[in-house]
1. For region B:19-100, give me every one of the helices (runs of 4 or more DSSP H) that falls completely inside it and has 1 or more residues that are within 14 Å of DNA strand D (Cβ to nearest atom), within 22 Å of A:Leu136 (Cβ to Cβ) and acidic (Asp, Glu).
2. So for region A:140-152 (the condition being within 9 Å of chain B (Cβ to nearest Cβ), closer than 23 Å to B:Leu109 by Cα and of a type in the set (S, T, N, Q)), does at least one residue qualify?
3. Against the conditions (1) more than 10 Å from chain A (Cβ to nearest Cβ); (2) in contact with a strand residue (DSSP E or B) (Cβ under 6 Å, 6 or more places away or on another chain), where does B:Phe105 fall short? Just the number, please.
4. Tell me which residues, restricted to region A:45-55, are surrounded by 13 or more Cβ atoms within 10 Å (Cβ to Cβ) and near DNA strand C (Cβ under 6 Å from one of its atoms).
5. In this structure, is A:Leu250 in contact (Cβ under 8 Å) with a residue 60 or more places away in the chain, in contact with a helix residue (DSSP H, G or I) (Cβ under 7 Å, 6 or more places away or on another chain) and within 14 Å of another protein chain (Cβ to nearest Cβ)?
6. Does at least one position in region A:262-276 carry a residue that is without any contact (Cβ under 8 Å) to a residue 60 or more places away in the chain and aliphatic (A, V, I, L, M)?
7. Name the single residue, out of those in region A:297-325 being away from chain B (no Cβ under 13 Å) and assigned to a helix (DSSP H, G or I), that is farthest from the chain's Cα centre (by Cα).
8. Kindly establish whether B:Arg62 is outside the structural domain of B:Ala321 (by TED's automatic domain parsing) and either under 26 Å from B:Phe343 (Cβ atoms) or away from DNA strand C (no atom under 16 Å from the Cβ) (or both).
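The values are calculated or read from the model by the stated rules, or taken from the named source; none is laboratory data. Keep in mind it's a predicted model, so treat the numbers as computed, not measured. Ideal geometry is used to build each Cβ from the backbone, glycine not excepted, and the neighbour counts take in all protein chains shown.
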Number of protein chains: 2
Amino acid sequence: MARTRNHPREGGTRRRGGSSRAGDAVTLEEVARLAGVSTITVSRALNQPDKVAAGTLEKVNRAISQTGYVPNLLAGGLASKKTRMVAAIVPSIANLVYAETMQYFSKRLNEFGYQVMLGESGYPERSEQSLLSAILSRRPDGILLTGVNHSPECRRLLIGARIPVVETWDLTPTPLDLVVGFSHERIGLEVADFIAARGYRRVGTISASDRRAQYREKIMLERLQRHGVTETYRVQIPVPSDMRKGRDGLAELLQRGLGTGVVFCSSDTLAQGALTECLARGLKVPEQIAIIGFGDQSFAADTFPALSTVRIDRPRMGRVAADALLARIDGRPLEEHVIDVGFQIIERGTT
Amino acid sequence: MARTRNHPREGGTRRRGGSSRAGDAVTLEEVARLAGVSTITVSRALNQPDKVAAGTLEKVNRAISQTGYVPNLLAGGLASKKTRMVAAIVPSIANLVYAETMQYFSKRLNEFGYQVMLGESGYPERSEQSLLSAILSRRPDGILLTGVNHSPECRRLLIGARIPVVETWDLTPTPLDLVVGFSHERIGLEVADFIAARGYRRVGTISASDRRAQYREKIMLERLQRHGVTETYRVQIPVPSDMRKGRDGLAELLQRGLGTGVVFCSSDTLAQGALTECLARGLKVPEQIAIIGFGDQSFAADTFPALSTVRIDRPRMGRVAADALLARIDGRPLEEHVIDVGFQIIERGTT
DNA sequence: GGTCAAAATGATAGCGCTGTCATTAACAAG
DNA sequence: CTTGTTAATGACAGCGCTATCATTTTGACC
């Protein structure tokens, strides 16, 4: 067969043979030839420029820009066993609290030449294990996970991968490797104390059916009981949280008998929904219904009234997770394998 | 179970040379040996199971699960020149309209065995070119871009990469390759007509300093002029948009003299901020201030009053972009290279 | 000029997989 | 019993890069 089958998809713009470049992508070898050096020198010029003489460096750089060379990190990664890529698994990127954390995480990593590959574990159709497997196939240098609960198969895969792992959004004394997060238990306790201290006698909760949210709620309710607050109403909503569910949740609490009191929501979004429902019904906030959110998302300070909430320092969590991972990847010693970024109850207008 | 490996997880102390990782990763060869077949057969069992006899397949699968083999897609990609990875560049993942689109885009691609690598172009510190370059180094099989305006260097890189490209969130008769989006011009026109038809005589805008938002605003204002609506007030805010900026924007419009009228915001988030500011000031919506958002994000229907807005079908855009890319990657013919997913003005309670 | 260490560069051998044949097995038809 | 055809499997050569070690060049110093 005389046909070349290099590019089965039709180019549209230009056919082969046009410019200096024949058929395929430029390789190191081509650059080396043009610069009159060996391939390894070009490789060094790219990765350890200080190990190459200034004149050579210049020749190489000229050859690179002349050819429009773009390194092939697949080949590089295969040879060096370093992909300069880090994977991250979050429940959903369409949830701002995770997206924001990822933004800071990626940004930090980018500064050090790493790329982040994002995976969403939120789909029930796709097991976390198959996601993890797909991700590990690309040999990331490290991986970030959300939460500390993983199936035995996942743990096995992670251990087998022998790469640094950082778990986030939770805390555990026995991390797989590293954990950067905060204590949902302490949040539950402190929110309960906060509520009790302000004298609320009736408490409602709107919580997503999310392990961590449920845990905060459970702890809070238990503590509340100890404070003598026993009139509680619970509404559970399926993920993903949105304003509608917050509105509906509040409506249901009301219908169940919560006349006045405070409502603790498992996210600011739900809280904003609850707040809106109060508004729509003409209920005074916080006089009749007080509301506490979770997350301290950017909008929390700007609702009306401004939302009282639990602040999680997501930028810091993202950055600290990135730094910890980088340190482990570089083999630098780490002071702590368990990093608590804490939280803070922010009291604004809704309580 | 021939587990000869030790427990390196403690490590971090091992110096270079000491292959704390990867040195002992299971390879195809090991699986092949255990299954008593050649490596290529294992490869086929994985990638084209129908080309392998049932018995062999079973042997191989047993060997795979015994060894805990995880394929190395770097090696596979290098050899086959197919990475089963698609890159996507969005301005910001912490902006739900993009995050959501990406969610649907990724989901579709995942179903076909592709992984998405996300890049954010929003940082001024990092040029789009360097981002693109970093991404192309990983040899994605295709790439999604946000917008249709790219620097000459970026265009060169993209053309040089010789992979399918889909541009989104805009429309152009001359896409680099494919474009899946909607017309900002038509939105500007229709919103203007909508506003004029309802008899608003005073119009304010709160727009992010984003090329597409500015363009919609410009077109709208021009058309409005033709409708004889000339009392206009414009506020421009820096990205990223948030509720605070919407509130401040509305405050500024009011201060500049917009007594009553309609305000067109470049995003639902800004609109929600504007709405909240009205609420805080006791202004009646829509009687005194009418508000139109953009995007139709999930919360738009649930604000109080519910937000009138321009709906963009993000799930569809994500899916269509994925399908188009998949078709191009597989070399399947495409009916259209320019796909308009349209938009829709949704009238709710704020107008 | 000679010596030696450091700097600069290069040759070689893979990394773990798949494309491309070539080979063998299995089996129906002549 | 050929012959031809398809199914199943394998040998081998890379893909484009970097680790490793070898070699050459440079230059500081006596």
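1. B:28-35
2. no
3. That leaves (2) as the condition not met.
4. Of everything in region A:45-55, just one residue is surrounded by 13 or more Cβ atoms within 10 Å (Cβ to Cβ) and near DNA strand C (Cβ under 6 Å from one of its atoms), namely A:Val52.
5. Details: in contact (Cβ under 8 Å) with a residue 60 or more places away in the chain: no; in contact with a helix residue (DSSP H, G or I) (Cβ under 7 Å, 6 or more places away or on another chain): yes; within 14 Å of another protein chain (Cβ to nearest Cβ): yes.
It is false that A:Leu250 is in contact (Cβ under 8 Å) with a residue 60 or more places away in the chain, in contact with a helix residue (DSSP H, G or I) (Cβ under 7 Å, 6 or more places away or on another chain) and within 14 Å of another protein chain (Cβ to nearest Cβ).
6. No, the conditions are met nowhere in region A:262-276.
7. The extreme case among them is A:Asp323.
8. On the way: outside the structural domain of B:Ala321 (by TED's automatic domain parsing): yes; either under 26 Å from B:Phe343 (Cβ atoms) or away from DNA strand C (no atom under 16 Å from the Cβ) (or both): yes.
Answer is yes for this residue.
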